[in-house]
Amino acid sequence: MAAAWQDVVRDAAAVREAAAVAGDAALLAGVLMRTGEQPNASDVVNYAPFTLLPSAVPRALFEQAYAVQQDFNLLVDAISQNKEFLRQTLASTIKVDDFTARLFRIYMQVLEEGLAQTVFLGINRSDYMFDCGLGGTAALRQIEINTIAASFGGLTSRTADVHRLVLKVLGKTEEASHLLPNNPAKGLALGIAKAWELYGSQRAVVMFLVEEVQRNIFDQRCVENELWNRNIRVLRKRFRDVFEQGSLDASRRLYMDGQEVAVVYYREGYVPQNYDQQNWEARLLLERSRAVKCPDIATQLAGTKKVQQELSRPGTLEQLLPGHPEAIARIRATFAGLYSLDEGEEGDRIAATAIADPERFVLKPQREGGGNNLYGEELRQVLEKIKDSPERTSYILMDKIKPQPSLNYLLRAHSPLQVSECISELGIFGVYVRQGQELVLNQAAGHLLRTKAIEHADGGVAAGVAVLDTPYLV
């Protein structure tokens, strides 16, 4: 915790007053989620969980994370265009991971047919933690890069205003003025609008592909409203709507409800539970279309954990980004130790090391959405079970990052107010648009800080573990 908060974090009366103000401020600012009891109704809502106080973030590491985001945009785009790299990298994984295999089959089918899509839109979020190594100096370490349905760009655009008010209530007016402006919703909408414009039809619409259960609708509405403000029409549809109503014309233009779709923005489709046979057929229809997909299926595959691990091998970045030595150096400086569990001597050795010392590592499956990683004794038990099986190739191993905990209050509706030891994760949103071979937009679009109590090893805000936060640079 920044020294600035030490005087208030133990002051029970001041904390109670600030928390009451904070809850109302969050509702007033639109930091909202639907309730678990009524996830598809907006007539009963509550504030999304958030920290009472902004969390200290080292300024140098924050600036490093922003500085490397355009490099990561470039890298993800390069991977998505490199069929041979994806084929080789995912060869072992698709033998044992059915979800990745089905995505890969659609990818190959669409390539064989010939891409109708000519404009490509990437919205990703690169997530980091601050690793306090043996020397005590914090280092920026990438956890993962999310290339599909990267969320909370909307709600985090409104969270800093709540923290500004809380600091003022606590008599920290000077500190409140130092909180950075942050509006990822606007940056994400800018990318979608640019792709819509390059698609080239004023009458065409943007389609948000959304989940059956839509607790996090207000986060999406923030981006959606930015598009309406630009007079771009938005539809919200589910996979089953696409299956029942979607169609392609002879030029593979996509139509929904009789309206041409210029951009499909996925807020769904990143985990196996999102798919039944109809949904897989709907996904194939979308991928075959001329519409700009965010992401297209190649970009979703570029975000798999197996690709992340392969990028850490010597020479891989040089192969993917020839002529960009500075970008490669900036990217590589953020990598934690990543290890393959492919069959063979190298995989055998790293599996044995992790079984002997499970606290050193995190075991990661090829999944998005939080709450999937394995730690400690659970990691050891799973690896013991699969160490001699091809199934182990559906995972990668990563060094466990050890951040410095700090004290904060995690505000959740209907939960008691209590101080927690917490750790934070910083995400930087990136947006890029490519037309043919020309990159016409490439920028960092804002940040997201999420914080959780140290007893929770894994899980984000949507998973009910982490809460929204605002960085206070130190």
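Rule-based calculations on the coordinates, nothing more; no lab input. Remember, predicted model here, so these are calculated numbers, not experimental data. Glycine also receives a Cβ, built like all others from the backbone with ideal geometry; neighbour counts cover every protein chain displayed.
Ranked highest first by average number of other Cβ atoms within 10 Å, how do 435-446, 277-288, 120-131, 10-21 line up?
120-131, 277-288, 435-446, 10-21
In nanometres, what is the gap between the two model label sites at residue 359 and residue 24, each 7 Å from Cα along Cα-to-Cβ?
Modelled inter-label distance: 4.7 nm.
Quote the charge dipole size of the range 106-265 about the Cα centre in Debye, to the nearest 20; the model charges only the Cβ of Lys and Arg (+1) and of Asp and Glu (-1). Write down the numbers at each step before the final one.
On the way: 19 positive and 19 negative charges, 97 e Å.
My answer is approximately 460 debye.
As an exercise, use a Förster radius of 41 Å and the Cβ-Cβ distance of residue 168 and residue 414 to find the FRET efficiency, rounded to the nearest 0.05.
On the way: r = 26 Å, r/R0 = 0.64.
In this case the efficiency is close to 0.95.
Quick one: dipole size for the range 246-357, taken about the Cα centre, charges +1 on Lys/Arg Cβ and -1 on Asp/Glu Cβ, in debye to the nearest 20.
Computed charge dipole of the range 246-357: roughly 420 debye.
At 20 angstrom or more along the helix axis (alpha-carbon based) and mean Kyte-Doolittle of 0.5 or higher, what helices does the chain contain? Whole DSSP H runs only.
Membrane-span-like by this rule: 12-29.
Could you calculate the FRET efficiency of residue 12 with residue 329 from 1/(1 + (r/R0)^6), where r is the beta carbon distance between them and R0 is 35 Å, rounded to 0.05?
For R0 = 35 Å, the calculated efficiency reads 0.10.
Compare the Cα positions of 373, 398, 354 along the charge dipole of the range 337-400 (+1 at Cβ of Lys, Arg; -1 at Cβ of Asp, Glu; about the Cα centre) and return the one farthest towards the positive end.
It is 373.
Taking the Cα centre of the chain as origin and charging only Cβ (+1 Lys, Arg; -1 Asp, Glu), how large is the dipole, in debye to the nearest 20?
Details: 52 positive and 59 negative charges, 167 e Å.
Once rounded to the nearest 20, the dipole reads 800 debye.
Over 13 Å apart: what share of the alpha carbon pairs of the range 337-400 falls there, rounded to a whole percent?
Working: 1119 of 2016 pairs.
Above the 13 Å cut-off, the range 337-400 has 56 percent of its Cα pairs.
Which residue, chosen from 328, 51, 266, occupies the Cα position most advanced towards the positive end of the dipole of the chain, where the dipole is computed from +1 (Lys, Arg) and -1 (Asp, Glu) charges on Cβ about the Cα centre?
266
Plugging the Kirkwood radius over Cα pairs into Stokes-Einstein for the chain, at a temperature of 10 °C and a viscosity of 1.306 mPa s, what D comes out in µm²/s?
Estimated diffusion coefficient is 69 µm²/s.
Put +1 on the Cβ of every Lys and Arg and -1 on every Asp and Glu Cβ in the chain; which of 454, 101, 79 then has its Cα farthest towards the positive end of the dipole?
79
Modelling each spin label as a point 7 Å along the Cα-to-Cβ direction, I'd like the residue 83/residue 250 distance in nm, to one decimal.
Output for this residue pair reads 2.7 nm.
How far, in nm, would the chain grow between residue 385 and residue 456 when pulled straight, counting 0.36 nm per residue and subtracting the alpha carbon separation?
Roughly 23.2 nm would be gained on extension.
Running Debye on the range 146-223 with equal point scatterers at the Cα sites and no solvent, what base-10 log of I(q)/I(0) appears at q = 0.10, 0.11, 0.18 Å⁻¹?
-0.36, -0.43, -0.84
Just want to confirm a number: the relative contact order over the range 233-301, from Cα pairs under 8 angstrom separated by 6+ residues, in percent.
Worked out over the range 233-301, it gives 37 percent.
Would you calculate the separation in nanometres between label points at residue 109 and residue 271, each defined as 7 Å from the Cα along the Cα-to-beta-carbon direction?
Here the answer is 2.4 nm between the modelled labels.
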